[in-house]
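S.K.: The structure under discussion is supplied below as structure tokens; questions concerning it will follow.
The values are calculated or read from the model by the stated rules, or taken from the named source; none is laboratory data. The structure presented is a predicted model; accordingly, all values stated were derived computationally and were not measured. Quick reminder, even Gly has a Cβ in these numbers, built from the backbone with ideal geometry, and neighbours come from all protein chains shown. Just so you know, the surface numbers come from the protein's heavy atoms only, side chains and all, with ligands and any DNA or RNA stripped out. Shrake-Rupley method; radii C 1.70, N 1.55, O 1.52, S 1.80 Å.
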Amino acid sequence: MSLLVFISVIVLIVLFYYNLKSVKYPPGPIALPYFGNIITIKKLSKKFNGLQGAFIELSKQYRTDVLSVSMSGEYSVVVQGKELIDEVLRGDEFQGRPNNFFIKLRSMGARRGITMTDGPLWKEQRAFAFKHLHEHGLGTQKMDDMLQRQLQEMLSKLNEGVLSNLVLKQYVSKCVLNVLWEMVTGSSFQDEETMTSLISLMEARSKAFDISGGLLSQFPWIRYIFPKYSGYNLIQTLNRKFKEMIMGIIEHHKKTIVKGHSRDFIDAFLHEMNENPTSSSFTDEQLVMVCLDFFIGGSQTISGTLDYCFLYMTMYKDVQEKVQKELDDILLPGQSPSRNNKNKCPFVEAVISEVLRISPIISLLGPRRTTCDTFLSGYFIPKDTTVYLNFKTVHDSSKHWEDPGKFKPERFLNEEGTVKQEQTLYNFGRGKRRCPAEVLARTALFILFSGVLHNLKLEPADEKDPLSLRQVPGITTSAAEYYIKLTRRHK
């Protein structure tokens, strides 16, 4: 028996090494038992300002654009460079999502929602959401009206002469969340305190983790020993508060719904539940998670990008003045911009594009999961591998941009002064998993950015204390909190 066991072990070892030699796996650091590469990645993330910076450094060390790492308890691959990223975004075999502990926790314990699902559930729910969000405003004049109304409410709070030591993001975040809330639930937030609390929780969640889930995903048991430090309590609190809030709205909708008439997305979902009572994908729990996907995915990215836009305008006074001149040529004092004004504001569009390029809120697309064994750039990628797409390597590449480290909005304008048709920005993804609410994001960025700049002059709160572009890493990257002074431009 001992001899048989010994021979079996030898055969397995030989087969293992033969497989390694016959199949070319992506290069990367040697993984420690149990810990994987998390110690190395944590050190590099701290040194190079986030997970995307750590991956760039490791890719340089191993001279590869397809890097293998072990993190969050999973074998993972990081892909860099435009051609390879485009190949992954097009490939059906890369359209899955991981199903690890962190993602289950984010999704309230089960595989629900749209953002982190795949297969038939994802296809059905994504198609349903896109169709009915469009019916209730997405990409229509109704969406413009919502944005303009929220803009005017925000400006009414800000148009009070000179306001100093102001954190503009606090106002912008509420404005963005209210638009999403109205589209989904049919009304704006009624409770200012609850909205402020929800925004604070979402921002704290964003800063507490990276896209891989960090320590909590690598060592799920840590939640029992350090529930607060690991971020477990934070996610549970956000999930509980949001579920209580949205379930209250759902129950009210159930009591007041009228057959054949949809007031908003929740009504549309409830009609589908009533018409297909045996469907396993249209449930209260799924509806709650879809709503959470909308609010976390939409509000954080839009308000975070706007925060960077206003920061750059405060730091680059000449660019701010050029933006304001372009807006003054087409808008009357106090007039709200609309989506129809975009074609007349090429420089405004160029500024927003440059902010998306140089300071993206999300630099790592993913995580994806391979749905079958496949190859990429000659490397073997096994089924169920987690794949991250590091598009910072495209946005910061001198191969695609001249002086990529400089803030130059003009790079997005052609010789005639019109906007170039760019193909190298990845903020909203590409392919089948492209952000379904991109039209809302781009319209919100234009209307809210233009509306603030047309009505207000932005200056540093303290000229002796220069502002910084220091980034705060997390699931989404954010600008470090900064203070500005606002002055009305029109009497």
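S.K.: Does any residue in segment 419-448 that is closer than 21 Å to SER397 by Cα and part of a helix (DSSP H, G or I) come within less than 7 Å, Cβ to Cβ, of a residue that is modelled with pLDDT of 90 or more and basic (Lys, Arg) six or more places away or on a different chain, and which pairs are these?
M.R.: none
S.K.: Let me ask something else. Do you know which residues across segment 455-470 are under 27 Å from the mean Cα position of the chain (by Cα) and in contact (Cβ under 8 Å) with a residue 40 or more places away in the chain? Break it down stepwise before answering.
M.R.: As a first pass, look at segment 455-470 and keep what is under 27 Å from the mean Cα position of the chain (by Cα): 458, 467-470.
Passing the criteria: LEU458, LEU467, LEU469.
S.K.: If SER107 satisfies every condition in (1) in contact with a strand residue (DSSP E or B) (Cβ under 7 Å, 6 or more places away or on another chain); (2) touching a residue at least 40 places away in the same chain (Cβ under 8 Å); (3) open to solvent by less than 20 Å² (accessible area, probe 1.4 Å) but one, which is the exception?
M.R.: (1)
S.K.: The conditions are (1) touching a Pro at 6+ places or on another chain (Cβ under 8 Å); (2) open to solvent by less than 50 Å² (accessible area, probe 1.4 Å); (3) closer than 23 Å to ARG263 by Cβ, and HIS132 fails exactly one of them. Which is it?
M.R.: Of everything listed in (1) touching a Pro at 6+ places or on another chain (Cβ under 8 Å); (2) open to solvent by less than 50 Å² (accessible area, probe 1.4 Å); (3) closer than 23 Å to ARG263 by Cβ, HIS132 misses just condition (1).
S.K.: Turning to a different aspect of this structure: Could you tell me which numbered condition SER279 fails, if it satisfies all but one of (1) open to solvent by 20 Å² or more (accessible area, probe 1.4 Å); (2) part of a helix (DSSP H, G or I)?
M.R.: Every listed condition holds for SER279 apart from (2).
S.K.: If you don't mind, there's one more thing I want to ask. Could you pull out the residue among ASN343, ASN274 that is part of a helix (DSSP H, G or I), modelled with pLDDT under 95, farther than 30 Å from HIS252 by Cβ and not aliphatic (A, V, I, L, M)? Spell out the reasoning first.
M.R.: Working: ASN274 fails: farther than 30 Å from HIS252 by Cβ.
Within the list ASN343, ASN274, the selection yields ASN343.
S.K.: Can you name every residue in segment 283-318 that is in contact (Cβ under 8 Å) with a residue 24 or more places away in the chain, farther than 30 Å from VAL452 by Cα and open to solvent by 10 Å² or more (accessible area, probe 1.4 Å)?
M.R.: Matches in segment 283-318: ASP284, GLU285.
S.K.: Could you list all residues from segment 30-39 that are open to solvent by 60 Å² or more (accessible area, probe 1.4 Å) and either touching a Cys at 6+ places or on another chain (Cβ under 6 Å) or among the β-branched types (Val, Ile, Thr) (or both)? Step through it out loud before you land on a result.
M.R.: Of the residues in segment 30-39, the ones open to solvent by 60 Å² or more (accessible area, probe 1.4 Å) are 30, 32-35, 39.
ILE30, ILE39, listed by residue number.
S.K.: Can you name the residue in segment 389-410 that is open to solvent by 30 Å² or more (accessible area, probe 1.4 Å) and touching a Pro at 6+ places or on another chain (Cβ under 9 Å) and, of all such residues, is nearest to THR476 (Cα to Cα)?
M.R.: Residues of segment 389-410 that are open to solvent by 30 Å² or more (accessible area, probe 1.4 Å), as a first pass: 392-393, 396, 398-400, 402-403, 405-406, 408, 410.
Now narrow it down to the ones that are touching a Pro at 6+ places or on another chain (Cβ under 9 Å): 392, 396, 398.
Details: LYS392: 13, ASP396: 18, SER398: 24 Å.
Within segment 389-410, the match that is nearest to THR476 (Cα to Cα) is LYS392.
S.K.: What is the residue count in segment 51-95 for residues that are in contact with a strand residue (DSSP E or B) (Cβ under 6 Å, 6 or more places away or on another chain), of a type in the set (Val, Ile, Thr) and part of a helix (DSSP H, G or I)?
M.R.: Looking only at that region, the number is 2.
S.K.: Regarding segment 348-361, can at least one residue be identified that is over 14 Å from PHE407 (Cβ atoms), open to solvent by 30 Å² or more (accessible area, probe 1.4 Å) and at pLDDT 95 or above? Let's see the steps before the verdict.
M.R.: We begin by selecting, within segment 348-361, every residue over 14 Å from PHE407 (Cβ atoms); these are 348-349, 361.
Then drop every residue that is not open to solvent by 30 Å² or more (accessible area, probe 1.4 Å), which leaves 349.
Keeping just the survivors that are at pLDDT 95 or above gives 349.
Within segment 348-361, one or more residues are over 14 Å from PHE407 (Cβ atoms), open to solvent by 30 Å² or more (accessible area, probe 1.4 Å) and at pLDDT 95 or above.
Conditions tested, residue by residue: (1) open to solvent by 40 Å² or more (accessible area, probe 1.4 Å); (2) out of contact with any helix residue (DSSP H, G or I) (no Cβ under 8 Å at 6 or more places or on another chain); (3) not small (Gly, Ala, Ser).
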{"position": "SER45", "(1), (2), (3)": "no, no, no"}
{"position": "ASN49", "(1), (2), (3)": "yes, yes, yes"}
{"position": "GLY53", "(1), (2), (3)": "no, no, no"}
{"position": "GLN61", "(1), (2), (3)": "yes, yes, yes"}
{"position": "LEU67", "(1), (2), (3)": "no, no, yes"}
{"position": "GLU74", "(1), (2), (3)": "no, yes, yes"}
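S.K.: Still on this structure, I have one more. When you check GLU74 against the structure, is it among the acidic types (Asp, Glu) and modelled with pLDDT of 95 or more, yes or no? Steps first, answer last, please.
M.R.: On the way: among the acidic types (Asp, Glu): yes; modelled with pLDDT of 95 or more: no.
Spelling it out, it is not the case that GLU74 is among the acidic types (Asp, Glu) and modelled with pLDDT of 95 or more.
S.K.: Just the residues that are open to solvent by less than 30 Å² (accessible area, probe 1.4 Å) and not β-branched (Val, Ile, Thr), please, taken from segment 190-209. Steps first, please.
M.R.: Step one: list which residues in segment 190-209 are open to solvent by less than 30 Å² (accessible area, probe 1.4 Å), which gives 195, 198-199, 201-202, 205-206, 209.
Passing the criteria: MET195, LEU198, LEU201, MET202, ARG205, SER206, PHE209.
S.K.: Okay, moving on. For segment 282-297, indicate whether the set of residues that are of a type in the set (A, V, I, L, M) and closer than 28 Å to LYS408 by Cα is non-empty.
M.R.: Of the residues in segment 282-297, the ones of a type in the set (A, V, I, L, M) are 287-290, 292, 296.
If we keep only those that are closer than 28 Å to LYS408 by Cα as well, we get none.
No, segment 282-297 contains no residue that is of a type in the set (A, V, I, L, M) and closer than 28 Å to LYS408 by Cα.
S.K.: Exactly one condition in (1) outside any loop (DSSP other than H, G, I, E, B); (2) open to solvent by less than 20 Å² (accessible area, probe 1.4 Å) is not met by PRO98; state its number.
M.R.: Exception for PRO98: condition (1).
S.K.: Of everything in segment 142-180 that's among the small types (Gly, Ala, Ser) and assigned to a helix (DSSP H, G or I), which residue is farthest from GLN335 (Cα to Cα)? Working first, answer last.
M.R.: Restricting attention to segment 142-180, the residues satisfying the condition of being among the small types (Gly, Ala, Ser) are 156, 161, 164, 173.
Those left that are additionally assigned to a helix (DSSP H, G or I): 156, 173.
Numbers: SER156: 13, SER173: 22 Å.
That would be SER173.
S.K.: Further question on the same structure: Would you be able to say whether some residue in segment 197-210 is out of contact with any Lys or Arg (no Cβ under 7 Å at 6 or more places or on another chain), acidic (Asp, Glu) and without any contact (Cβ under 8 Å) to a residue 12 or more places away in the chain?
M.R.: Scanning segment 197-210 turns up no residue that is out of contact with any Lys or Arg (no Cβ under 7 Å at 6 or more places or on another chain), acidic (Asp, Glu) and without any contact (Cβ under 8 Å) to a residue 12 or more places away in the chain.
S.K.: Pick from segment 162-197 the residues that are out of contact with any Ser or Thr (no Cβ under 6 Å at 6 or more places or on another chain) and charged (D, E, K, R): which of them is farthest from GLY137 (Cα to Cα)?
M.R.: GLU193
S.K.: May I ask you to verify whether SER164 is touching a strand residue (DSSP E or B) at 6+ places or on another chain (Cβ under 9 Å) and among the hydroxyl-bearing types (Ser, Thr, Tyr)? Walk me through it before giving the result.
M.R.: Details: touching a strand residue (DSSP E or B) at 6+ places or on another chain (Cβ under 9 Å): yes; among the hydroxyl-bearing types (Ser, Thr, Tyr): yes.
In short, yes.
S.K.: Further, regarding this structure: Kindly evaluate MET273 against the criterion of being open to solvent by 10 Å² or more (accessible area, probe 1.4 Å) and without any contact (Cβ under 8 Å) to a residue 24 or more places away in the chain.
M.R.: On the way: open to solvent by 10 Å² or more (accessible area, probe 1.4 Å): yes; without any contact (Cβ under 8 Å) to a residue 24 or more places away in the chain: yes.
Spelling it out, MET273 is indeed open to solvent by 10 Å² or more (accessible area, probe 1.4 Å) and without any contact (Cβ under 8 Å) to a residue 24 or more places away in the chain.
S.K.: Are any of the residues in segment 370-378 modelled with pLDDT of 95 or more, open to solvent by 10 Å² or more (accessible area, probe 1.4 Å) and in a strand (DSSP E or B)? Quick ask: steps written out before the conclusion?
M.R.: Step one: filter segment 370-378 for residues modelled with pLDDT of 95 or more, giving 370-378.
Those left that are additionally open to solvent by 10 Å² or more (accessible area, probe 1.4 Å): 371-375, 377-378.
Right, trim to in a strand (DSSP E or B) and you get 374-375.
Yes; the residues of segment 370-378 include at least one that is modelled with pLDDT of 95 or more, open to solvent by 10 Å² or more (accessible area, probe 1.4 Å) and in a strand (DSSP E or B).
S.K.: Is there any pair with a first residue in segment 73-87 that is closer than 11 Å to THR370 by Cβ and polar (S, T, N, Q) and a second that is in a strand (DSSP E or B) and open to solvent by less than 20 Å² (accessible area, probe 1.4 Å) whose Cβ atoms are under 8 Å apart and which are 6 or more apart or on different chains, and what are they?
M.R.: Here the result reads SER76/SER68; SER76/VAL69; SER76/PRO367; SER76/THR386; SER76/VAL387; SER76/TYR388, each pair linking segment 73-87 to a residue that is in a strand (DSSP E or B) and open to solvent by less than 20 Å² (accessible area, probe 1.4 Å).
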